[in-house]
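Peer 1: My questions all concern the structure below.
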Amino acid sequence: MRNVLIDCDPGHDDALAILLTLANPENFRLLGITTVGGNQTLEKVSENALKVLMAADKRIPVAKGADSPLISPLKVAPEAHGDSGMDGPVFDKITLEYDNRHGVEFLKDKILEAEGKVTIIALGPLTNIALLLKTFPKVKDRIETIALMGGSYSSGNATAAAEFNFYIDPHAAYMVFHSGIPIIQAGTEVSQAASILHSEIDEFKDGGRVSRFVYELLEFYAKFSKGLNIDRSPIFDACPVMYILHPEIFTHGDYHVDIELQGNLTAGMSVTDKRVWYNMPKPNTKVLLSVDREKFVAYLKKAIYRLDTE
Ligand code: BDR
Ligand code: CA
């Protein structure tokens, strides 16, 4: 059983990652959720985190973290996630409340209070995690690993070179990759492999309450890929969670990864050192490269059905 904290910006795929975690309590002791400005403003993504918990009928503390990146202004992504950051499902009223600590303070408290080490699952820009490591360096020894969605092995999505989470806050990503904490990186390539076919989305339509919520999420989320004439949608943020649950369905490589801060064309790019050369820097990251798509989707479905029938 692993102690975990999820830092996120829901986000349709963040929502699926949270549900996958909640559906596997034998594997994850979810100590809390923190939110960060990313896919939408901090207010919106924080409300979305509460909505996910309401949909799953779970009570997990949620604390709001940073509203904008360390240095650059926040750029949100309504083109993929809509005006609310999680368009699709409709809620009348949010009935859960926030923990009143700042997210960074909350993360520090949860890590220091936990029995044993904690895994951080980071699914948005890494602003909160960078602030945590900088402000409370004593937490470092208590973090087992940071399993994150961000960056790429070869190609970006927000720009030709940079993936969205790292593009939004490259300085935070830099601090995390220079922290010395072991990192599991799910970038754009493994996320593309972890796609749900649009023809598979209907299978959630007639399930229970959680399935219906997932159906409504995916129906909206699929519009972005459909607009590009693509028959599937990548479930980016579920990848690091799925890797912890089922490493056997992934391929990976161990590499030294660094973050480009300033290139005109490459700011926010994660640079994977693939050389076979002398005097190489030691690997700091387990880079996930691919996944068995069918097994990924099957395990995701199983998790959602499990939440339906609890
Ligand atoms: C990442 O950016 C966000 O839009 C998704 O939630 C995911 O974390 C993919 O680049
Ligand atoms: Ca996200």
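Peer 1: Can you find a residue that is aliphatic (A, V, I, L, M), at pLDDT 95 or above and outside any strand (DSSP E or B) anywhere in segment 77-84?
Peer 2: No - not one qualifying residue is present in segment 77-84.
Peer 1: What residue, of Gly150, Gly156, is within 16 Å of ligand 2 (Cβ to nearest atom) and more than 14 Å from the chain's Cα centre (by Cα)?
Peer 2: Gly156
Peer 1: Can you pull out every residue in segment 119-152 that is among the aromatic types (Phe, Trp, Tyr) and within 13 Å of ligand 1 (Cβ to nearest atom)?
Peer 2: Once the filter is applied, which keeps residues that are among the aromatic types (Phe, Trp, Tyr) and within 13 Å of ligand 1 (Cβ to nearest atom), segment 119-152 yields nothing.
One line per residue, one yes/no per condition, for (1) touching a helix residue (DSSP H, G or I) at 6+ places or on another chain (Cβ under 7 Å); (2) within 16 Å of ligand 2 (Cβ to nearest atom):
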site: Ala49; (1), (2): no, yes
site: Pro61; (1), (2): no, no
site: Pro78; (1), (2): no, yes
site: Gly82; (1), (2): yes, yes
site: Pro89; (1), (2): yes, no
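Peer 1: Does Ser191 qualify as being touching a strand residue (DSSP E or B) at 6+ places or on another chain (Cβ under 9 Å), polar (S, T, N, Q) and in contact (Cβ under 8 Å) with a residue 12 or more places away in the chain?
Peer 2: In short, yes.
Peer 1: Just to be sure, is Ile143 within 16 Å of ligand 2 (Cβ to nearest atom), under 19 Å from the mean Cα position of the chain (by Cα) and closer than 19 Å to Ala17 by Cβ?
Peer 2: no
Peer 1: From the list Leu133, Leu123, exactly one residue is buried (at least 21 other Cβ atoms within 10 Å of the Cβ) and without any contact (Cβ under 8 Å) to a residue 60 or more places away in the chain. Which is it?
Peer 2: Exactly one residue qualifies, and that residue is Leu133.
Peer 1: Separate question: Inside segment 24-43, can you point out the residues that are crowded, with 24+ Cβ neighbours inside 10 Å and over 19 Å from Gly116 (Cα atoms)?
Peer 2: Scanning segment 24-43 gives Thr34, Thr35, Val36, Gly37, Gly38, Asn39, Gln40.
Peer 1: Applying the selection to segment 204-240, what residues are assigned to a loop (DSSP other than H, G, I, E, B), within 16 Å of ligand 2 (Cβ to nearest atom) and not charged (D, E, K, R)?
Peer 2: Ile235, Phe236
Peer 1: Next question. Starting from residues that are among the basic types (Lys, Arg) and surrounded by fewer than 20 Cβ atoms within 10 Å (Cβ to Cβ), keep the ones in segment 278-304 and report whichever is farthest from Ile249 (Cα to Cα).
Peer 2: Applying the filter and picking the extreme gives Lys282.
Peer 1: If I ask for residues that are in contact (Cβ under 8 Å) with a residue 24 or more places away in the chain and either more than 16 Å from ligand 1 (Cβ to nearest atom) or crowded, with 22+ Cβ neighbours inside 10 Å (or both), which ones from segment 69-79 would you list?
Peer 2: Residues satisfying the conditions are Pro69, Leu70, Ile71.
Peer 1: Could I ask something else about it? Which is more than 16 Å from ligand 2 (Cβ to nearest atom), at pLDDT 95 or above and either part of a strand (DSSP E or B) or closer than 23 Å to Val297 by Cα (or both), of Leu16, Leu31, Leu70?
Peer 2: Just one listed residue meets the conditions, Leu31.
Peer 1: How about segment 251-293: which of its residues are over 23 Å from Ser179 (Cβ atoms) and within 20 Å of the chain's Cα centre (by Cα)?
Peer 2: Thr251, Ser290, Val291, Asp292, Arg293 - these are the residues of segment 251-293 that are over 23 Å from Ser179 (Cβ atoms) and within 20 Å of the chain's Cα centre (by Cα).
Peer 1: Could you give every pair whose Cβ atoms fall below 7 Å, whose first residue belongs to segment 39-58 and is under 14 Å from Pro125 (Cβ atoms), and whose second residue is surrounded by fewer than 20 Cβ atoms within 10 Å (Cβ to Cβ) and modelled with pLDDT under 95, counting only separations of at least 6 or pairs across chains?
Peer 2: Asn39/Val76; Asn39/Ala77; Gln40/Val76; Thr41/Val76
The values are calculated or read from the model by the stated rules, or taken from the named source; none is laboratory data. Since the model is a prediction, treat every value here as computed from it, not as a measurement. Because the Cβ atoms are built from the backbone with ideal geometry, glycine has one as well, and the counts that use them run over all protein chains shown.
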